[in-house]
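Heads up: the structure comes next, in structure tokens.
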Amino acid sequence: MDKVKTKPTEEKLKPKLFSVMKNYSKEQFVKDVVSGIIVAIIALPLSIALALASGVGPEQGLYTAIVAGFIVSFLGGSRVQIAGPTAAFATIVAGIVAAEGMDGLIISTVMAGIIMIIMGLCRFGALIKYIPGTITSGFTFGIAVTILIGQIKDFLGLTFQNAPVETLDKVAEVFRCIGTINVQALLIGILSLAILILWPKKLEKIPASLIAVIICSAIVKLTDINVNTIGDLYEISSRPPQFVLPEVTFARVKALVPNAFTIAILAAIESLLSCVVSDGMIGSRHRSNMEIIAQGTANIASALFGGIPATGAIARTAANVKNGGRTPVAGMVHSIVVLAILLILMPYASLIPMPTIAAILFVVAYNMSGWRNIVYTAKTAPKSDIMVLFVTLIFTVVFDLVVAIGVGMVLAAILFMKRMADVTEAHAWVDVDDEDTDPDNILLKKIPQNTRVFEINGPMFFAAHDKFKYMLDDEDIDVLVIRMRNVPAVDAAGVETLANIVKRCEKHNVKVVFSHVNEQPAHAMEKAGLTAKIGKENFCSHIDTALIRAEEIEKEIKKK
């Protein structure tokens, strides 16, 4: 009897917290509390560093971790998501603050939160997949470059004559003022960087950023060397988050709409990306629409209580999982611990050297850059995907994220339409007595006992890659035949999907045979190294030869 495939049920708009509490145990509560404390210690220096990179005071970063972090855990659609300030927003926030002031940032973030809530209620969570991975990789790397360039001044202890906002202007100012380099600041920066790189190799449990902050703050304080600290440049406040209401006018709201959409789209992408990563780590499934609603609510609250835009933080979420956190309770504990640190220990933040903050942000920029993915895409992806990636990257650095995403999406759409036009063909079908006249109909073929045949119809591209995940649902087989006669084209995401299917088959000792792979997909698979990995003998020109090859593999397995 054939299995009947049913449509998946519509995703619930229900916070994960309310679902997991049904079977919550004391043992898990202890693990969540321990994980929450560890993540709070990790979040402390990162939140301060990211706030300073965003052009606001250090306490604004902590307000964001406290308010947004708690709300996202309480209302979110993920079991383990940790929210707070992230590097993705640093350059955007800095630009808004420089041009519009804190009131402009608050209005933009509140509007972004409203947009995200509407997106979630309209069930737009699944639409995020229509933003190609090449655009995400491009602007992420571009943001990493802008963060790195923005921290050169403090790392070298330079004295700028001007206060540039644009990235290229900052590069020019660095070269103009290179003669003002402070050797003592540079040494503190190098020491901080060494601790951040080497410490995790010895004691991963204790955050390297915290060790760097403690050691370098102590050195600067005890030796009284000429190095700028946070206290030299900013007023430190240990007040808890206070409600702030900006002056709102229709003209201002209208002018800030583009900034609001930028924050909303980036927050949604970053949060759902973090959810996908954490799902893979704990074998769970997030609720994307509920997560977007929670992120929207969190951003509204963060802005109104003195914070900055927030989103899911992949590194902190991963740390939560690694330390035993499995429910939203861990994220709520993390926010409460950050609040306690703010109230009790915040005055000591004035001692943190600026070169140490710069070194922390260097490491953040490196970790977020995804340079390995950039190199892999440049080597294996079609030229059109590579073009989209690098155009988005360059526009992010030279202009800003709004322009970069807009240009990237338009370019990706145009190139995709060209690709589809190049492979589209029209041909006449002849009906004879309403009978199936296709001699290659799979229903007319004899399939070996432990072999499964799947036929893919249509192009494999970024918006359709998740349709092929079910291919190895039945793992009790020896051979998987993938028929691709109706696949005219694949992009980078399609090749990656095929690579993941092959990898999963290898894990379960299932051999893969391809039938009738067209020219463009064959070239893309060869360029990515899939042809060599699978073996040319397992690429057959016709379904009949593919089934004969499957039979041969079955016989070889039985002999063993």
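Things worth noting here:
- Exactly one residue out of Ala340, Ala319 is in contact (Cβ under 8 Å) with a residue 60 or more places away in the chain and either under 29 Å from Ile265 (Cβ atoms) or over 18 Å from the mean Cα position of the chain (by Cα) (or both): that is Ala319.
- Residue selected from segment 196-207 under the condition touching a residue at least 24 places away in the same chain (Cβ under 8 Å) and crowded, with 16+ Cβ neighbours inside 10 Å, by the criterion nearest to Tyr366 (Cα to Cα): Leu196
- Some residue of segment 153-163 being touching a Ser or Thr at 6+ places or on another chain (Cβ under 6 Å), part of a loop (DSSP other than H, G, I, E, B) and assigned by TED's automatic domain parsing to the domain that holds Phe362: yes
- Condition met for Ile230 (farther than 21 Å from Ile96 by Cα, assigned by TED's automatic domain parsing to the domain that holds Ile308 and at pLDDT 95 or above): no
- Residue, nearest to Ile482 (Cα to Cα), within segment 532-548, restricted to residues that are part of a helix (DSSP H, G or I) and free of Cβ contacts under 8 Å to residues at least 60 places away in the same chain: Asn538
- Some residue of segment 76-85 being assigned by TED's automatic domain parsing to the domain that holds Ala294, buried (at least 16 other Cβ atoms within 10 Å of the Cβ) and touching a Leu at 6+ places or on another chain (Cβ under 7 Å): yes
- Residue within segment 293-314 that is aliphatic (A, V, I, L, M), surrounded by fewer than 21 Cβ atoms within 10 Å (Cβ to Cβ) and touching a Phe, Trp or Tyr at 6+ places or on another chain (Cβ under 8 Å) present: yes
- Wholly enclosed helices (runs of 4 or more DSSP H) of segment 366-458 bearing at least 1 residues modelled with pLDDT under 80 and not hydrophobic (A, V, I, L, M, F, W, C): 401-423
- Being more than 23 Å from Asp400 (Cα to Cα) and buried (at least 22 other Cβ atoms within 10 Å of the Cβ) is a property that Ser335 has.
- Yes/no for Lys14 being modelled with pLDDT of 85 or more, surrounded by fewer than 18 Cβ atoms within 10 Å (Cβ to Cβ), charged (D, E, K, R) and not assigned by TED's automatic domain parsing to the domain that holds Ser288: yes
- Residue match in segment 124-135 (condition: closer than 20 Å to Pro355 by Cα and among the hydroxyl-bearing types (Ser, Thr, Tyr)): no
- Pair list, Cβ under 9 Å, 6 or more apart: segment 393-408 residue touching a residue at least 12 places away in the same chain (Cβ under 8 Å), other residue outside any helix (DSSP H, G or I): Val398/Glu166; Asp400/Glu166; Ile405/Ile131; Val407/Phe399; Gly408/Ile131; Gly408/Pro132
- Val277 being free of Cβ contacts under 8 Å to residues at least 60 places away in the same chain, in the same structural domain as Leu105 (by TED's automatic domain parsing) and either among the β-branched types (Val, Ile, Thr) or assigned to a helix (DSSP H, G or I) (or both): yes
- Matching residues, segment 20-37, being surrounded by fewer than 24 Cβ atoms within 10 Å (Cβ to Cβ) and touching a residue at least 12 places away in the same chain (Cβ under 8 Å): Val20, Met21, Tyr24, Gln28, Phe29, Lys31, Val33, Val34, Ile37
- Residues (assigned to a helix (DSSP H, G or I) and charged (D, E, K, R)) located in segment 91-144: Glu100, Asp103, Lys129
- Filter result for Ile269 (crowded, with 16+ Cβ neighbours inside 10 Å, over 18 Å from Val56 (Cα atoms) and touching a strand residue (DSSP E or B) at 6+ places or on another chain (Cβ under 9 Å)): yes
- Number of the exception - Cys505 against (1) modelled with pLDDT under 85; (2) surrounded by fewer than 22 Cβ atoms within 10 Å (Cβ to Cβ); (3) in contact with a Leu (Cβ under 9 Å, 6 or more places away or on another chain): (1)
- Within segment 320-332, if we keep just the residues that are in contact with a Ser or Thr (Cβ under 8 Å, 6 or more places away or on another chain) and surrounded by fewer than 23 Cβ atoms within 10 Å (Cβ to Cβ), the residue that is nearest to Phe70 (Cα to Cα) turns out to be Met332.
The values are calculated or read from the model by the stated rules, or taken from the named source; none is laboratory data. As the structure is a prediction and not an experimental result, all values here were calculated from the model. With ideal geometry, Cβ positions are generated from the backbone for all residues, glycine too; neighbour counts draw on all protein chains shown.
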